[in-house]
1. Tell me the Kirkwood hydrodynamic radius of segment 88-186 in angstroms, computed as one over the mean inverse distance between distinct C-alpha pairs.
2. Which value in Å is the Kirkwood Rh of segment 9-156 over different Cα pairs?
3. What number results when the radius of gyration of the chain, computed over Cα atoms, is divided by 2.2 N^0.38 Å?
4. Points 7 angstrom from Cα along the Cβ direction at residue 288 and residue 122: gap in nanometres?
5. Calculate the spin-label point distance for residue 167 paired with residue 208, positioning each point 7 Å from the Cα along the beta-carbon direction, and give it in nanometres.
6. Once the Cα gyration tensor of segment 167-225 is diagonalised, what are the square roots of 5 times its eigenvalues, in whole Å and ordered largest first, as equivalent ellipsoid semi-axes?
7. Per-residue counts of other Cβ atoms within 10 Å, averaged by peptide: what ranking do you get for 119-130, 93-104, highest first?
8. For the modelled label position 7 Å from the Cα of residue 32 along Cα-to-Cβ, which residues of segment 164-197 have backbone nitrogen atoms closer than 17 Å?
């Protein structure tokens with residue numbers, strides 16, 4: 001049986017031996033807030049095909065880094081076995097106590113999508129990878145309308161239309177924006193106030209066959225959704241508390257943005273690559289249904305026929 005100590009995590013030379021893609025680098029202040037991970041020197045929690053850096057003060061991840069191999073994607077069963085990572089102090093990671101608290105009307109939002117790392121030489125390897133995404137370290141509270149709609153559609157598009165269909169190897173970095181201005185959950189958990197992230201980001205690094213690396217970035221917000229369902233205390237979620245950058249993304253839609261915008265919000269330095277999208281104005285992504293037979297709309301069986309396209313997406 002595979003154990004946590006056997007997990008190798010994110011690989012920098014995954015796309016190509018000649019095109020290394022390093023992990024994002026945290027600011028010095030945030031590096032001092034990394035939750036210690038037993039058996040490591042860099043405090044990166046390694047799982048199957050992905051790695052995570054955790055904030056000990058917030059109990060959520062700063063970022064996750066995943067390798068996706070579209071050629072080795074496998075169909076496996078879903079086993080929702082959520083648990084804490086015993087390599088990290090329980091006090092540094094929120095678990096069932098948060099997601100079962102009063103007014104916790106939000107999903108356990110996978111930061112690394114289960115299907116993204118669901119690959120390997122064998123079905124067993126893919127199953128182990130999928131199962132390893134059900135650690136609470138990989139989870140952040142997400143409103144269902146955010147988690148299950150266009151953000152999910154974007155993730156499925158990247159995986160099934162780009163990576164699987166074209167047999168690509170890509171790297172995906174993702175996480176919440178952990179900001180001082182984040183609003184407070186209406187329910188104290190174990191006597192503690194819990195700040196809930198209102199922004200989520202994703203950076204995809206890939207090649208186009210010309211020997212160069214490219215990258216694209218996305219942001220999504222959930223402040224209004226949390227407010228309307230009375231999940232956060234309104235006095236802690238006033239727009240005036242948000243920076244000008246935040247206000248562009250408060251309507252719970254998904255946007256394509258400059259990597260520099262995500263870097264500013266997160267305090268992360270991302271590995272260098274060609275920026276595909278270069279515009280100071282964020283582009284709102286919109287789903288458009290296409291005429292695909294109903295039988296093909298199940299991603300687990302269809303793989304590449306999604307039943308929609310995403311307008312304005314630049315890859």
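1. It works out to 15.3 Å.
2. On the way: mean 1/r = 0.0620 Å⁻¹.
Hydrodynamic radius (Kirkwood, Cα pairs) of segment 9-156 is 16.1 Å.
3. Details: Rg = 18.6 Å, N = 315, 2.2 N^0.38 = 19.6 Å.
Relative to the 2.2 N^0.38 Å estimate, the chain comes out at 0.95.
4. Taking the simple label geometry, residue 288 and residue 122 are separated by 4.5 nm.
5. 2.2 nm
6. Ellipsoid half-lengths, sorted descending, are 35, 11, 8 Å.
7. Numbers: 119-130: 18.5, 93-104: 16.4.
Final packing ranking: 119-130, 93-104.
8. 180
FYI, it's all coordinate maths here, none of it is from the lab. Please read all numbers here as calculations on a predicted model, not as lab measurements. Reconstructed Cβ throughout: ideal geometry from the backbone, glycine too, with neighbour counts over all protein chains shown.
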